[in-house]
1. Among (1) outside any strand (DSSP E or B); (2) touching a residue at least 60 places away in the same chain (Cβ under 8 Å); (3) surrounded by 13 or more Cβ atoms within 10 Å (Cβ to Cβ), there is one condition Asp75 misses while meeting the rest; what is its number?
2. Tell me the residue from Asn58, Asn102, Asn130 that is assigned to a strand (DSSP E or B) and on the phi < 0 side of the Ramachandran plot, please.
3. Going by the conditions given, is Gly141 under 16 Å from His79 (Cα atoms) and open to solvent by less than 60 Å² (accessible area, probe 1.4 Å)?
4. Going residue by residue through segment 61-69, is there one that turns out to be more than 19 Å from Tyr159 (Cβ to Cβ) and touching a residue at least 24 places away in the same chain (Cβ under 8 Å)?
5. Just to be sure before I move on: is Leu111 modelled with pLDDT of 95 or more, surrounded by 15 or more Cβ atoms within 10 Å (Cβ to Cβ) and in contact with a Gly (Cβ under 6 Å, 6 or more places away or on another chain) in the structure I sent?
6. Is there a residue in segment 84-107 that is under 18 Å from Gly63 (Cα atoms), open to solvent by 40 Å² or more (accessible area, probe 1.4 Å), in contact (Cβ under 8 Å) with a residue 12 or more places away in the chain and out of contact with any helix residue (DSSP H, G or I) (no Cβ under 6 Å at 6 or more places or on another chain)?
7. All but one of (1) within 15 Å of Phe156 (Cα to Cα); (2) at pLDDT 90 or above; (3) of a type in the set (Ser, Thr, Tyr) hold for Ser14; which doesn't?
8. If Thr160 meets every condition in (1) surrounded by fewer than 14 Cβ atoms within 10 Å (Cβ to Cβ); (2) in a strand (DSSP E or B); (3) over 13 Å from the mean Cα position of the chain (by Cα) apart from one, which number is that one?
Amino acid sequence: MMVIPANPNIKFRSKHCFALILLLSPICKASAAITITEIQPIKYPSVIKNLTKSSIVNVNWKGALGGATNVTLLDNDYHQGRYLITSDTNSPISINFFQVGNEAKVNLKSLRIRYKNKTYKSFPVTGLDNPGQAGEYFDIGAKVIASKKSTAGEKFPQYTLIVEEQ
């Protein structure tokens, strides 16, 4: 989407990083592998910047706008992030999810992951059931907050997902 300079629009787009941790067992010299497949990264709509306070857009793990959203939407193009995790063992896993903090005056807050019918909001989460070779999907959502001092234009808040076997 093109941003018109005279209008204080903000376009939030998520870029993300993910880390794939492979653990090697020194005792049996075998390796375990977890695979994360991105189905879709979290996506935020284009909005008109709130001129009197911080601009907030909340896209929850269900892909819906949360009640904290306080901006005018320019489109309805948003959705939750979705990932598929597979593993070649049955060891418990942990998931960590955090913002990278790559955009000045723009932060991701209220980070949420939905995995196996349970929502997690504090990270890292440990002792989770292994997804197995068939895999399990998990969905993510987050609130993006652009301070009123942030500049108009496209923003690319990044996040990191880390999944490892315990």
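1. For Asp75, the exception is condition (3).
2. Just one listed residue meets the conditions, Asn58.
3. Criteria met by Gly141.
4. No, segment 61-69 contains no residue that is more than 19 Å from Tyr159 (Cβ to Cβ) and touching a residue at least 24 places away in the same chain (Cβ under 8 Å).
5. Details: modelled with pLDDT of 95 or more: yes; surrounded by 15 or more Cβ atoms within 10 Å (Cβ to Cβ): yes; in contact with a Gly (Cβ under 6 Å, 6 or more places away or on another chain): no.
Answer is no for this residue.
6. The answer is no, given that none of the residues of segment 84-107 is under 18 Å from Gly63 (Cα atoms), open to solvent by 40 Å² or more (accessible area, probe 1.4 Å), in contact (Cβ under 8 Å) with a residue 12 or more places away in the chain and out of contact with any helix residue (DSSP H, G or I) (no Cβ under 6 Å at 6 or more places or on another chain).
7. (2)
8. (3)
The values are calculated or read from the model by the stated rules, or taken from the named source; none is laboratory data. This structure is a prediction, so every number in the text was calculated from the model and none was measured. Note that we place each Cβ from the backbone using ideal geometry, even for glycine, and neighbour counts take in every protein chain shown. Quick note on the areas: whole protein, heavy atoms, side chains included, nothing else; ligands and nucleic acids left out. Shrake-Rupley method; radii C 1.70, N 1.55, O 1.52, S 1.80 Å.
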